[in-house]
1. Based on this model, can you work out whether LEU20 counts as in contact with a Lys or Arg (Cβ under 7 Å, 6 or more places away or on another chain), of a type in the set (A, V, I, L, M, F, W, C), in contact (Cβ under 8 Å) with a residue 60 or more places away in the chain and in a strand (DSSP E or B)?
2. With respect to VAL60, determine if the residue is under 16 Å from GLN123 (Cα atoms) and part of a strand (DSSP E or B).
3. List every residue pair whose Cβ atoms lie under 6 Å apart, where the two residues are 6 or more positions apart in sequence or sit on different chains, the first residue falls within the stretch 50-78 and is within 15 Å of ILE94 (Cβ to Cβ) and at pLDDT 85 or above, and the second residue, located anywhere, is surrounded by fewer than 20 Cβ atoms within 10 Å (Cβ to Cβ) and polar (S, T, N, Q).
4. Filter the stretch 11-70 down to the residues that are touching a strand residue (DSSP E or B) at 6+ places or on another chain (Cβ under 7 Å) and among the polar types (S, T, N, Q) and list them by number.
5. Pick from the stretch 1-17 the residues that are part of a loop (DSSP other than H, G, I, E, B) and touching a residue at least 24 places away in the same chain (Cβ under 8 Å): which of them is farthest from ASN55 (Cα to Cα)?
6. Name the residue, out of ALA106, ALA38, that is at pLDDT below 95 and buried (at least 18 other Cβ atoms within 10 Å of the Cβ).
7. Can you tell me which residue in the stretch 4-31 is farthest from MET61 (Cα to Cα), limited to those that are surrounded by fewer than 20 Cβ atoms within 10 Å (Cβ to Cβ) and in contact with a Ser or Thr (Cβ under 7 Å, 6 or more places away or on another chain)?
Amino acid sequence: MRKRKCRWLGIDFGERRIGLAITDELLIMAKPYKVIDAKKENPVLAIKKIVEENNVCLIVMGNPLHLSGKESELSKKVKEFKSMLESVLKDIKIVLYDERLTSKMAERMLANRGMDLRKSKEQIDLYAATFLLEEYLERSRE
């Protein structure tokens, strides 16, 4: 029996919503996956289930640094969330990756499609995670 190749998961962390993107098994492209509403479900358990169901072997978490490169308040919360994930996903590598401007890229793309950004917060999170993961994929190929 052929062993399934693994996928990578991208996470755009937010205190309310967490955007997720996932790669194909060949690690060629990233696609939007889902948004977790952290007020309605436990995000750590939800991500653990996604990791198990999709044979994820690497998680790329956006690190929301200031434009100056300094750590933001949200960066500290991202690190705390990363630690919680690491406690339940012991065999999965989790990397922090600079996510500066991914949300702006997502907003610009959705605005170009004529979407109302005030009503598209979930879509922004979803595509920010996708841009983050696509960029990490590109960098890993270099």
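The values are calculated or read from the model by the stated rules, or taken from the named source; none is laboratory data. Model, not experiment: these values are computed from the prediction. Don't worry about glycine lacking a Cβ; one is built from the backbone with ideal geometry, like all the others, and counts go over all protein chains shown.
1. Working: in contact with a Lys or Arg (Cβ under 7 Å, 6 or more places away or on another chain): yes; of a type in the set (A, V, I, L, M, F, W, C): yes; in contact (Cβ under 8 Å) with a residue 60 or more places away in the chain: yes; in a strand (DSSP E or B): yes.
Answer is yes for this residue.
2. Details: under 16 Å from GLN123 (Cα atoms): no; part of a strand (DSSP E or B): yes.
Taking the combined requirement at face value, the residue does not satisfy it.
3. Correct list of pairs: ASN63/SER75.
4. Once the filter is applied, which keeps residues that are touching a strand residue (DSSP E or B) at 6+ places or on another chain (Cβ under 7 Å) and among the polar types (S, T, N, Q), the stretch 11-70 yields THR23, ASN54, ASN55, ASN63.
5. Kept after step one, since they are part of a loop (DSSP other than H, G, I, E, B), are these residues of the stretch 1-17: 1-6, 13-16.
From the residues that got through so far, the ones that are touching a residue at least 24 places away in the same chain (Cβ under 8 Å) too are 4-6, 13-15.
Values: ARG4: 8, LYS5: 8, CYS6: 5, PHE13: 21, GLY14: 24, GLU15: 26 Å.
Selected residue: GLU15.
6. Numbers: ALA38 fails: buried (at least 18 other Cβ atoms within 10 Å of the Cβ).
Every option except ALA106 fails the conditions.
7. So the residue we want is MET29.
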